[in-house]
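Structure record follows, encoded as structure tokens.
Since every read-out is calculated from the coordinates, none of them should be taken as a lab result. What you are looking at is a predicted structure, and each value in this text was computed from that prediction instead of being measured. Please note: Cβ atoms are built from the backbone with ideal geometry, for glycine as well, and neighbour counts cover all protein chains shown.
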Amino acid sequence: MYKAYPLFIALRYLKSRKKRRGISFNTVISIGGVTLGVMALIIVLSVMSGFHEDLRNKILGVNAHVVVLNTGGFIDSYKEDIKKLIKEPHIQGASPFVLGQVMITLAGRAQGVYLRGIDPDYELTTTTIGKHMKRGSLKNLSQQNEDIPPIIIGKELSFILNAYMGDIVNVISPIQEIGPMGMLPKMRRFRIAGIFEIGMYEYDSSLALISLTEAQAFLDMGQAVTGIELRLDDIFIAPNIREEIPRILGKGYYGRDWMQMNRNLFSALKLEKFAMFIILILIILVASFNIISTLIMNVIEKEREIAILKAMGATNRGIMTIFVLQGLIIGVIGTIIGVFGGVLVCYLISNYEIIKLPADVYYLNHLPAKINIFDVITVAGSAIVISLVSTIYPAYQASRLNPVEPLRYE
């Protein structure tokens, strides 16, 4: 019981005398400061983690984890290459693709897009575009029409062109062909057979899909393809698989992984998240000054009680422990409330899409939130450590108090 007296007294000191309500009010303000700081940090870091993960999932939903290319510009023996790649561990799927830049026009409206030729059966094993179809299906690309082949476009692109299912669009390639009036841009009509929505404006407005054979013919690729997409069982081993491509397929082949292709974007997000952590930790530092002022006022108010405790045999270490525990309790209570409040707000943001974003300005159409347990532990630990450090000076001053002065006139 004697060893537990610092905790007992620290809990009593959190309450002020009836005649002086200022100390208890300051305690509430100190707890509130820590709470707001912890909440702000958890919410911001969770939003940034959610943005990072949502953006990564959308990018990897359209693009493969690793893209195999050839220094010659195209790959002729892609069927044999796919058989070799599929045999390798960690590679779950491989699909050929043809990629080119074209212009799509309809009724006086035009938009430059990336035209990707795919084989639906292969594509379903490497990307998740098939899961984002709003109208039609990727399988529709296999339904060939004698005169007008099918094309699948993004939702935003359909708005730009005012195009809907069944409409006929003109696709114009920069590759020229000989016409009645000499060399003219190559043009072909396509029928809209599907509309997808990734949720990322960049893809929904500038990507169109046609069958692999149609793309090869339209872009004069013959039987060759631009590259081969690979899907892995673990996205974070993509750099290792990329380095193995020359060994698997031979000289002239090389790979590019999703980290390489989006390095600047994800590096900027990582740096921004760290910068926001440093900036918002200042809120908790400000709250620590409230703890310091509260403890100093408490020491001044409790001078007589401290002197009595010392006269009864309390050591300097015991007195210091009382005020360290008092400040620590304030920090722990504020941290617990802040963690619960931050997690609750993040849950509401994530599940109800409360905050909408303009998709043509940002990559996403709503503000996401992803609670990372490591971030929560880091924030909570930082808040408690700062609260603990802020108690050292007031507690040290209380331990140095001379018991004779307060009791001189008692």
For region 72-251, just list the percent of Cα-Cα distances falling in each 10 Å bin from zero outward, please.
9, 35, 33, 17, 4, 0
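Roughly how big is the chain's charge dipole about its Cα centre, with Cβ charges of +1 (Lys, Arg) and -1 (Asp, Glu), in debye to the nearest 20?
Here the size comes out at about 2240 debye.
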May I ask for the net charge around Ala395, where only other residues with Cβ less than 13 Å from the Cβ of Ala395 are counted and Lys, Arg are +1 while Asp, Glu are -1?
+3
Pairs of Cα atoms under 8 Å, at least six residues apart: use those to get the relative contact order of region 72-251, whole percent.
33
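Can you give the net charge of the other residues whose Cβ lies under 12 Å from the Cβ of Arg56, counting K and R as +1 and D and E as -1?
Taking every Cβ under 12 Å from that of Arg56, the sum is +1.
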Once you keep just the Cα pairs under 8 angstrom separated by 6 or more residues, what percentage relative contact order results for the chain?
28
After finding the eigenvalues of the alpha carbon gyration tensor for the chain, what semi-axes result from the square roots of 5 times each, listed largest first in whole Å?
68, 23, 15
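Ordered by packing density, taken as the mean number of other Cβ atoms within 10 Å over each peptide's residues, highest first, how do 131-141, 224-234 rank?
Working: 131-141: 17.4, 224-234: 20.7.
Those peptides, ordered most packed to least, come out 224-234, 131-141.
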For region 191-199, what does the Karplus curve 6.51 cos²θ - 1.76 cosθ + 1.60, with θ = phi - 60°, yield as ³J(HN,Hα) per residue in whole Hz, taken in order and with x for Gly and Pro?
9, 5, 10, x, 9, 10, 9, 7, x
Can you name the helices of the chain, as whole DSSP H runs, whose Cα span along the helix axis is 18 Å or more and whose Kyte-Doolittle mean is not below -1.0?
22-62, 263-301, 316-352, 373-390
Sorted by chain and then number, the residues having a modelled amide H within less than 5 Å of the amide H of Asp119, at least 5 places away or on another chain, are Leu212
Please work out the Kirkwood hydrodynamic radius for region 253-294, using every pair of different C-alpha atoms, and report it in angstroms with one decimal place.
13.1
